Each structure stands twice: as C-alpha cells, then as structure tokens.
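Since the structure comes first, as structure tokens, the remarks are kept for the end.
The values are calculated or read from the model by the stated rules, or taken from the named source; none is laboratory data. Keep in mind it's a predicted model, so treat the numbers as computed, not measured. Here the Cβ positions follow ideal geometry from the backbone for every residue, glycine too, while neighbour counts run over all protein chains shown.
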Amino acid sequence: MPHQMPDIASTSPAQTEGNINWVGMSQIEMPIMLDSKDEAPQRVAAKIEAFVNIVVPQAKGIHMSRLYLRLDELSTQESLSPSTLSNLLEDFVSSHDDISDQAQLSFTFDYHLRRASLLSKKQGWKAYPVTIKATKTADGIAMELAVDVAYSSTCPCSAALSRQLIQQQFEQSFANNDALNKAEILAWLGTSEGIVATPHSQRSIAQVKVVLEQNQQQFSIKALIDLIEEVMQTPVQAAVKREDEQEFARLNAANLMFCEDAVRKVKYSLNNMPFPDYWVRINHYESLHAHDAVAVAVKGVAQGFQP
C-alpha cells in the first residue's frame, strides 16, 4: 500500500508568522487564445504572473500547482476574455479559501495586427507589446490594459535650427542674384546644397495603461492602439513603398513634437474616453543625446495611478 505523501504547505506551521500580500508564480510561459474586440481570436505566447494573498499568519504557504493547473485549463480549453479572467481569479481564491481572499493575474504578450501603409496601402504585420492585468479584492475585480505603441518624433528645436541654416545657405547661394528666377530656386531646393540640414528624429514609444470599465465583454486592444497612433500621426510603419516613405517624412514635419507635446496629446485624447483611470509614459529615444527624453502623466483620480 503506497504511503501518503506529505503536504508541507497544509500541515507545517510557518517558521515566522505574518500575512503576505502576494505569493505565487512569475514568468509562466503558455500559449493563450485571446478574444479581442474587432479582431478574430488570436493565439499569443504569453508570460503570466499568478498570485494569491495569505491572510492566515500561521499558514506555511499556498498550493502553486492549483494555480498552474487552472491556467493550463485556460490554455487548452478556453479563450482569455474579461469573463474567463474573472472566473480564473474566483477559482484561485476558492482553491485557497482557507488562507486567501485576494488574487491577481497578468498576461504579457505581443499582439499582432495587420497594418496598411500610408499611401500605397501595402499590408504588413506589426507587433504591439500588451499586458492585461486583473486583481480581485474585497472591492471587486479591477482590470487594466497596457499597450506600447512605437512612433517617430521629430524635434521642433532641431527643425527650427535646420530651417535657419537653409535660409543662410540660400542667402549665400543667391547673394549676387538680384533677379531671382523661380525655376532656378526650385532646382536649387532639389540639391544637397539646398537642404544643408535636416531635423533629427527618433523612434519613440508611448506606454499607455488604462483601467477598464466594469462589465466589459471583450478587450478593446485594437481600439486603444488605433487611438494612440491617430494621436501621434507618425506611427512606425510595416510594409512601405517610396510614396509611403515620402508621406512619412511629410507627417514628421507636420507633427513636430517634444516629449511634453506627445504626453499632452495622449492625455487629452484619453480624457475624452470613458476610462476610469490611465497612466502614460512617453519615451523619446534621442538621436542627438545619449540619454532619453521622458514625460509621464496620469489622470489624477483619488487612489489611482501615480506618476
């Protein structure tokens, strides 16, 4: 007759007593089928964090295998949606109801969207880092959606300095030409002598995290990404032809921005959306400096996100 295996987590007392805010697992790798509004269900390679709390000071620990196996059910039998995520949190707590009354889950993955180029409308894939986080407390279940969106930012100061150099070069090139000829000037503008300086621009990342409204049926990942790219006007492209590259250059010139400009534009747009709270971090990965330019803003609700 086989011997009963010991269950240290249930039978042994804690060496040092005390409550624990969160205990569980991080960097769990699983394929997850994701439901998202306006897009077909998509399988993503997620890295997961799964936690419960401990409210019994004498409890040795939790049964981590119970959390893992419940996640495995999600991976093999269900799709991730607001309702299934809520069920997961409820199951985490019920499986530890003798020591836990809270649970937390987060899924981090790349979400792929087909994106059309600016003018030629050539299609290509773009990957957007996404995190979905949910927490169950005595106040209910709160869910957050975070996305990273890459775009190009062109420095307004650099643009002004470049324009000044072009003006100076024009004065020098036409110093002895009192009767300016339109065709001659047009030809000069098309030479390297005509454009003696160009503004510096850099790839930039808008990190946006929002609290979702209660009773959401689907995660609106694409809608949030679309909003940010529409605000920035210069999202990083996928497939491009020459006409797309030229239009991208035009849009950069038409949307000069410091990191302060970018964060205010995103903040203004999010204020017009029904998100209970939001957090925005703008990162301009400078091409002039060895350091980055950063701006952070929050909605400013009581007990909400902090900068």
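Does LEU74 satisfy the criteria of being assigned by TED's automatic domain parsing to the domain that holds GLN218 and either modelled with pLDDT under 95 or loosely packed, with under 15 Cβ neighbours inside 10 Å (or both)?
Details: assigned by TED's automatic domain parsing to the domain that holds GLN218: yes; either modelled with pLDDT under 95 or loosely packed, with under 15 Cβ neighbours inside 10 Å (or both): no.
Here the answer is no, as LEU74 does not meet what is asked.
Is region 231-240 home to any residue that is part of a helix (DSSP H, G or I) and closer than 23 Å to HIS112 by Cβ? For region 231-240, residues part of a helix (DSSP H, G or I) and closer than 23 Å to HIS112 by Cβ: present. Only one entry of GLU230, GLU245, GLU213 meets the criterion of being under 24 Å from ALA293 (Cα atoms) and either surrounded by fewer than 17 Cβ atoms within 10 Å (Cβ to Cβ) or at pLDDT below 95 (or both), and that entry is GLU230.
When each of GLN207, GLN202 is tested for being of a type outside the set (A, V, I, L, M) and over 15 Å from the mean Cα position of the chain (by Cα), the lone residue that passes is GLN202. Answer yes or no as to whether LEU256 is touching a residue at least 40 places away in the same chain (Cβ under 8 Å), in contact with a helix residue (DSSP H, G or I) (Cβ under 7 Å, 6 or more places away or on another chain) and in a helix (DSSP H, G or I). No, not satisfied. Somewhere in region 159-168, is a residue assigned to a helix (DSSP H, G or I), modelled with pLDDT of 95 or more and touching a Pro at 6+ places or on another chain (Cβ under 7 Å)? For region 159-168, residues assigned to a helix (DSSP H, G or I), modelled with pLDDT of 95 or more and touching a Pro at 6+ places or on another chain (Cβ under 7 Å): present. Of all residues in region 18-48, which are under 25 Å from THR137 (Cα atoms), of a type in the set (A, V, I, L, M) and more than 19 Å from the chain's Cα centre (by Cα)? The answer is ILE20, VAL23, MET25, ILE28. Of everything in region 88-111 that is out of contact with any helix residue (DSSP H, G or I) (no Cβ under 9 Å at 6 or more places or on another chain) and surrounded by 14 or more Cβ atoms within 10 Å (Cβ to Cβ), the residue that is nearest to GLU17 (Cα to Cα) is ILE99.
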